[in-house]
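Visitor: One structure coming up, written as structure tokens, with questions to follow.
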Amino acid sequence: MVVISLTILSVSCESAKKFDLGNAKQEIEEANRKFEKYIKTGDSVAFAKNCYTIDGHYMAPNLPAIVGRKAIQTACHQTLSAGVSEIKLHTIEIWGDENGITEEGTLEVYVKGGKMVDKGKYLVLWKKEDGMWKLHRDLFNSDMPMATK
């Protein structure tokens, strides 16, 4: 009976140890570097395919949610065509488990010539898809004052 109890306890502990939030944070920060790279290289196809889940939602300010990879790819292409050349992401904190991670961070948006045109904050819900953490829900907004006419 003691052997069975110890075996069950051992298996339970191993299952609990499989998820490592520190490792997940490192994977998410690596995914953020890829996100930045795809924007900097102007690759909207790789951006949508490698950064977002198949049913991801991109929730930008002042727009309805953009749903699905194809629509996110189109939105990224439009953003790049409008002159955005770089986005810098800075993770503040993550929390969650193997079923999903929430990331809080800040962002900076640049146009060609290196001029910063926006800065703000974001919350992202990450989900594993094909063994990789991908953005499942991406919500962000600006810290800058609203433009007035």
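Visitor: Charges on Cβ only, +1 for Lys and Arg, -1 for Asp and Glu, centred on the Cα centroid of the chain; of PHE140, GLY42, VAL67, which one is farthest towards the dipole's positive end?
Guide: GLY42
Visitor: Just the number, please: Stokes-Einstein D of the chain in µm²/s, Kirkwood Rh from C-alpha pairs, 4 °C, 1.567 mPa s.
Guide: The estimated diffusion coefficient comes to 77 µm²/s.
Visitor: Give the cross-link partners of LYS49 among the lysines, using a straight C-alpha distance below 21 Å as the criterion and excluding same-chain residues fewer than 8 apart.
Guide: Of all the lysines, those that pass the test against LYS49 - Cα under 21 Å, at least 8 places apart if same chain - are LYS25, LYS34, LYS37, LYS40, LYS70, LYS88, LYS127, LYS128, LYS134.
Visitor: Just from its helices, what would the mean residue ellipticity at 222 nm be for the chain, if runs of 4 or more DSSP H residues each count -39500 (n - 2.57) and the sum is divided by every residue, rounded to the nearest 500 deg cm²/dmol?
Guide: On the way: 4 runs with 59 residues, N = 149.
That calculation yields -13000 deg cm²/dmol at 222 nm.
Visitor: Contour minus end-to-end for HIS90 and MET132, with contour as 0.36 nm per residue of separation and end-to-end as the Cα-Cα distance?
Guide: 13.2 nm
Visitor: Considering only DSSP states other than H, G, I, E and B, which GluC sites (Glu not before Pro) in the stretch 56-99 qualify as loop sites with at most 14 other Cβ atoms within 10 Å?
Guide: Answer by residue number: GLU98.
Visitor: So how strong a dipole does the stretch 49-149 carry about its Cα centre when Lys and Arg Cβ are +1 and Asp and Glu Cβ are -1, to the nearest 20 debye? Write down the numbers at each step before the final one.
Guide: Values: 13 positive and 13 negative charges, 104 e Å.
Dipole about the Cα centre, nearest 20: 500 debye.
Visitor: While we're here: Which FRET efficiency, nearest 0.05, do ALA82 and THR106 yield, Cβ-Cβ r, R0 30 Å?
Guide: It comes to 0.90.
Visitor: I would also like to ask the following. Considering only GLY42, GLY113, GLY56, give the residue with the highest GNM mean-square fluctuation for the chain, with springs between Cα atoms whenever their separation is below 10 Å.
Guide: Of the options given, GLY113 has the highest mean-square fluctuation.
Visitor: Further question: For the chain, what does the accessible surface come to per residue with a 1.4 Å probe? Please give it in Å².
Guide: That works out to 63 Å² for each residue.
Visitor: A follow-up question, please. Probe radius 1.4 Å, ligands and nucleic acids ignored: give me the carbon and sulfur share of the accessible area of the chain as a rounded percent.
Guide: The nonpolar share, carbon plus sulfur, comes to 59 percent.
Visitor: Please identify, among LYS18, LYS134, LYS115, the residue showing maximal mean-square fluctuation in a Gaussian network model of the chain using a 10 angstrom Cα cutoff.
Guide: LYS18
Visitor: Return the percentage of antiparallel bridges among DSSP beta bridges fully within the stretch 48-143, rounded to the nearest 5 %.
Guide: Around 90 percent antiparallel, to the nearest 5.
Visitor: Moving to a separate point now. For the chain, with a Gaussian network of springs between Cα atoms less than 10 Å apart, report the residue from ASN50, ASN99, ASN32 with the top mean-square fluctuation.
Guide: Largest GNM mean-square fluctuation: ASN99.
Visitor: Through the Karplus equation 6.51 cos²θ - 1.76 cosθ + 1.60, θ set to phi - 60°, convert the phi angles of the stretch 126-133 into ³J(HN,Hα) values in whole Hz; use x for Gly and Pro.
Guide: My calculation for the stretch 126-133 gives 9, 9, 6, 9, 6, x, 10, 6 Hz in order.
Visitor: While we're here: Between LYS34 and GLU98, what is the spin-label point distance in nm, taking each point 7 Å from the Cα along the Cα→C-beta axis?
Guide: Between LYS34 and GLU98, the simple spin-label model gives 2.1 nm.
Visitor: Suppose each label sits 7 Å from its Cα in the direction of the beta carbon; what would the LEU123-LYS149 distance come out to in nanometres?
Guide: My value for the distance between the label points is 3.2 nm.
The values are calculated or read from the model by the stated rules, or taken from the named source; none is laboratory data. None of these values were measured; they are calculated from a predicted model. With ideal geometry, Cβ positions are generated from the backbone for all residues, glycine too; neighbour counts draw on all protein chains shown. Just the protein is used for accessible areas: all its heavy atoms, side chains included, with ligands, DNA and RNA removed. Shrake-Rupley method; radii C 1.70, N 1.55, O 1.52, S 1.80 Å.
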